[in-house]
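Since the structure comes first, as structure tokens, the remarks are kept for the end.
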Amino acid sequence: MESLRYLPYLKKDGWLVTNTTPFINITDYPEVEKVLAEIKSRKNHIALDADTIASEIGSKRSSNIVMLGAATPFFDLSFESFEEGIRKIFARKGEDIINVNLEALRAGRDFAEKNR
């Protein structure tokens, strides 16, 4: 629903990248099917189940990094810059955490590349 709320700010040829698993934090949340139908009616959209992708790589907590990876094709930055950022941000947490987040980033990127 949040992705639809900010559509007025999206450039005409911009890309909407969103998670298909909603964060339902209000009692009158609209029907998920209706929200997804509106998203899918947009020409430029990537809708992915980032939570499931993160779980499949063994880290449910990295769904936000999966989402970041899915958005990377639409930034004017090299993918290597994002990878380096992950290495710096998670450096104190050790190689295992760095690697799982790099895997999440790559999984999101791969999904976007295959589905755009």
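The values are calculated or read from the model by the stated rules, or taken from the named source; none is laboratory data. The model shown is predicted, which means the values in this text are computed figures rather than measured ones. Backbone-built Cβ (ideal geometry, glycine too); neighbour counts: all protein chains shown. Each accessible area value is taken on the protein alone, full model and side chains, heavy atoms only, with ligands, DNA and RNA left out. Shrake-Rupley method; radii C 1.70, N 1.55, O 1.52, S 1.80 Å.
Values computed for the structure shown
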| read-out | value |
| --- | --- |
| For segment 1-65: Kirkwood Rh in Å [reciprocal of mean 1/r, alpha carbons] | 12.9 |
| Local electrostatic count at I24 - Lys and Arg +1, Asp and Glu -1, tallied over other residues with Cβ under 12 Å | -3 |
| Candidate aspartates and glutamates - alpha carbon under 19 Å from K93, same-chain residues fewer than 8 apart omitted | E83, E84, E103 |
| Formal net charge of residues neighbouring L105 (Cβ-Cβ distance under 12 Å; K, R +1; D, E -1) | -2 |
| Rounded percent of accessible protein surface that carbon and sulfur make up, the chain, 1.4 Å probe | 50 |
| For segment 37-116, fraction of C-alpha pairs farther apart than 21 Å, in % | 27 |
| Accessible area of the chain divided out per residue, in Å², using a probe of 1.4 angstrom | 67 |
| Separation of the Y29 and F79 label points, Cα + 7 Å toward Cβ, nm | 3.1 |
| Summed residue charge, Cβ within 12 Å of S81's Cβ, Lys/Arg positive, Asp/Glu negative | -2 |
| Residue range of the chain that is longest and free of chymotrypsin sites (Phe, Trp or Tyr not before Pro) which are both DSSP loop and sparsely packed (at most 16 other C-beta within 10 Å) | 24-74 |
| Listed pairs K12/K60; K12/K34; K34/K114; K11/K60; K11/K40 exceeding 26 Å between Cα atoms | K12/K60; K11/K60 |
| Rel. contact order, % - alpha carbon contacts under 8 angstrom, at least six apart, the chain | 27 |
